[in-house]
Amino acid sequence: ILHQQSFFQKSVFYTTAKIALVGDSGVGKTGLGYRIAEKEFIVTESTHGQNFWVIDELGTTRADGTLCEAVLWDFAGQPDFRPIHSLFLDDVDLALVLYDPSRHDTLTGVDYWLKQLKHKRDELCNTVLVAARADVSQVPVRVEEMEDFAKQRDISGGFISTSAKSG
């Protein structure tokens with residue numbers, strides 16, 4: 001005779017927050033991903049796929065017992081990968097839209113990624129505009145201008161400048 005207890009197991013509820021690093025190729029997404037997830041700087045080559053990290057510091061267990069994790073997705077920015085990666089952006093909770101401030105046409109890439117993030121939504125997900133690689137690329141535009149750029153495009157988290165190398 002089997003014990004009735006063996007047929008029942010405790011249910012575990014789980015959810016994730018999806019954080020996306022998006023931007024053109026070579027803007028510093030993978031370097032920033034390593035800095036956020038691993039707390040270290042690693043020199044990286046241009047990534048031709050996706051990287052994923054679970055960010056333990058952002059994890060929690062809700063009062064109802066649900067386990068919550070934050071997963072950082074690093075998407076390749078090369079034109080060949082854009083159509084594929086766009087398929088994974090419809091359920092992003094937070095997007096970090098990176099650009100290289102030393103590139104003259106870089107904000108065109110920002111507009112592309114904002115359009116992809118808004119696709120199939122009524123409004124843009126929580127988003128932060130990130131001038132990456134500040135240790136090697138100077139921001140030729142005033143901070144106030146970039147903050148206005150972010151406001152005009154409904155970027156809820158505004159604008160920041162950062163460096164994965166210097167932390």
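The table below lists the values:
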| quantity | calculated |
| --- | --- |
| Spin-label model distance (nm) - Ala17 vs Asp148, 7 Å beyond Cα toward Cβ | 3.2 nm |
| Bridge type composition, the stretch 12-99 - antiparallel percent by DSSP, nearest 5 | 35 percent |
| The chain: equivalent-ellipsoid semi-axes (sqrt of 5 x gyration tensor eigenvalues, Cα, Å) | 35, 18, 15 |
| Fully extended contour minus Cα-Cα distance, from Glu123 to Leu87, at 0.36 nm per residue | 11.3 nm |
| Segment Glu40-Asp80, extension gain: residue separation times 0.36 nm, minus the distance between their alpha carbons | 11.5 nm |
| Per-pair calculated FRET efficiency, R0 = 45 Å: Lys10 and Val141 via Cβ, rounded to 0.05 | 0.25 |
| Helical contribution to [θ] at 222 nm, DSSP H n ≥ 4, -39,500 (n - 2.57), averaged over the chain, rounded to 500 | -6500 deg cm²/dmol |
| Carbon and sulfur %, accessible surface of the chain computed with the full protein complex present, 1.4 Å | 52 percent |
| For the chain, share of DSSP beta bridges that run antiparallel, in % to the nearest 5 | 25 percent |
| Estimated dipole of the chain in Debye, rounded to 20 [Cβ of Lys and Arg +1, of Asp and Glu -1, Cα centre] | 200 debye |
| Equivalent ellipsoid semi-axes - Cα gyration tensor, the stretch 40-99, angstrom | 27, 16, 9 |
| Non-local Lys pairs in the chain, i.e. 8 or more apart or on different chains, that have alpha carbons under 18 Å apart | 9 |
| Spin-label pair Glu57/Ser161, simplified geometry with 7 Å Cα→Cβ offset, distance in nm | 2.2 nm |
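The values are calculated or read from the model by the stated rules, or taken from the named source; none is laboratory data. The structure presented is a predicted model; accordingly, all values stated were derived computationally and were not measured. With ideal geometry, Cβ positions are generated from the backbone for all residues, glycine too; neighbour counts draw on all protein chains shown. Heavy atoms of the whole protein, side chains included, go into the accessibility calculation; ligands, DNA and RNA do not. Shrake-Rupley method; radii C 1.70, N 1.55, O 1.52, S 1.80 Å.
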